[in-house]
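Q: Please read through the structure below; I'll follow up with questions.
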Amino acid sequence: MGERALLVETASLEHVLALHARLAASRPDGVVDLVPAARTVLVRIDPGVLSVSAARSWIAHAPAVAASRSAVDAVVELDVTYDGPDLGETAELLGVTADELVRRHADAVWTVAFTGFAPGFGYLVSADWPFDVPRLATPRTRVPAGSVGVAAGFAGAYPRETPGGWRLVGTTRAVLFDPDAASPALLAPGTRVRFRAVR
């Protein structure tokens with residue numbers, strides 16, 4: 001990707017998560033940013049500090065590391081009112097009751113695989129979530145901020161009002177993106193997340 005970035009292609013999202021964790025844990029000076037996606041990790045560098053060839057070597061040999069206890073224990077909890085307009089229909093499509101869908105969604109431990117679509121929008125995955133949820137046949141032109149949705153094998157929460165085609169199962173009042181904060185996005189890649197059902 002020129003003199004300032006390398007794009008690493010992987011076989012699967014699981015490989016992306018493992019590679020991103022390895023690179024984040026062993027990041028040398030000169031790495032400006034690590035940007036995971038569904039099948040790639042973009043490594044942005046400052047070529048005055050780290051050459052492309054040195055970055056390539058680091059990527060190839062970055063050691064596997066065990067997660068620290070604090071990283072394992074740290075979880076962002078999002079309070080969710082499960083009142084989404086698609087909750088009943090989504091449960092029916094998946095062959096479960098609405099209560100079962102809520103329970104499975106709230107019991108799962110999610111991880112932010114990557115971000116995109118809109119600032120602060122995290123694509124969350126979980127080994128505890130077995131469902132492949134079809135997107136809406138026709139996307140909505142307006143999805144309210146705070147809407148919690150599911151699509152394919154992902155869950156997510158809309159940080160601001162945007163169009164969207166995910167099935168909406170609930171709402172949260174959490175501030176997901178604050179451009180004035182030191183860390184603008186609440187949900188960064190690698191963050192573990194739990195949804196907590198509230199009335």
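Q: Can you pull out the residues in region 74-87 that are open to solvent by less than 50 Å² (accessible area, probe 1.4 Å) and over 11 Å from VAL102 (Cβ atoms)?
A: Answer for region 74-87, where residues must be open to solvent by less than 50 Å² (accessible area, probe 1.4 Å) and over 11 Å from VAL102 (Cβ atoms): VAL76, LEU78, ASP86.
Q: From VAL96, VAL41, grab the single residue that is open to solvent by less than 60 Å² (accessible area, probe 1.4 Å), at pLDDT 90 or above, part of a strand (DSSP E or B) and within 28 Å of SER12 (Cβ to Cβ).
A: Unique residue meeting the criteria: VAL41.
Q: Consider region 99-152. How many of its residues are assigned to a strand (DSSP E or B) and open to solvent by 10 Å² or more (accessible area, probe 1.4 Å)?
A: Looking only at that region, the number is 9.
Q: So for region 154-173 (the condition being of a type in the set (A, V, I, L, M) and open to solvent by 10 Å² or more (accessible area, probe 1.4 Å)), does at least one residue qualify?
A: For region 154-173, residues of a type in the set (A, V, I, L, M) and open to solvent by 10 Å² or more (accessible area, probe 1.4 Å): absent.
Q: Might you let me know whether region 119-139 holds any residue that is in contact with a Pro (Cβ under 8 Å, 6 or more places away or on another chain) and without any contact (Cβ under 8 Å) to a residue 40 or more places away in the chain?
A: yes
Q: Which condition from (1) open to solvent by 50 Å² or more (accessible area, probe 1.4 Å); (2) touching a residue at least 60 places away in the same chain (Cβ under 8 Å) is the one that ASP33 breaks?
A: Of the numbered conditions (1) open to solvent by 50 Å² or more (accessible area, probe 1.4 Å); (2) touching a residue at least 60 places away in the same chain (Cβ under 8 Å), the odd one out for ASP33 is (2).
Q: Something else: I'd like to check something: does region 12-20 contain any residue that is open to solvent by 70 Å² or more (accessible area, probe 1.4 Å), at pLDDT 95 or above and part of a helix (DSSP H, G or I)?
A: Scanning region 12-20, I find no residue that is open to solvent by 70 Å² or more (accessible area, probe 1.4 Å), at pLDDT 95 or above and part of a helix (DSSP H, G or I), so the answer is no.
The values are calculated or read from the model by the stated rules, or taken from the named source; none is laboratory data. Given the structure is predicted, the values throughout are model-derived calculations rather than measurements. Positions of Cβ are backbone-derived with ideal geometry, glycine not excepted, and every protein chain shown enters the neighbour counts. The protein model used for the area step is the full one, side chains on, heavy atoms only, and it has no ligands, DNA or RNA in it. Shrake-Rupley method; radii C 1.70, N 1.55, O 1.52, S 1.80 Å.
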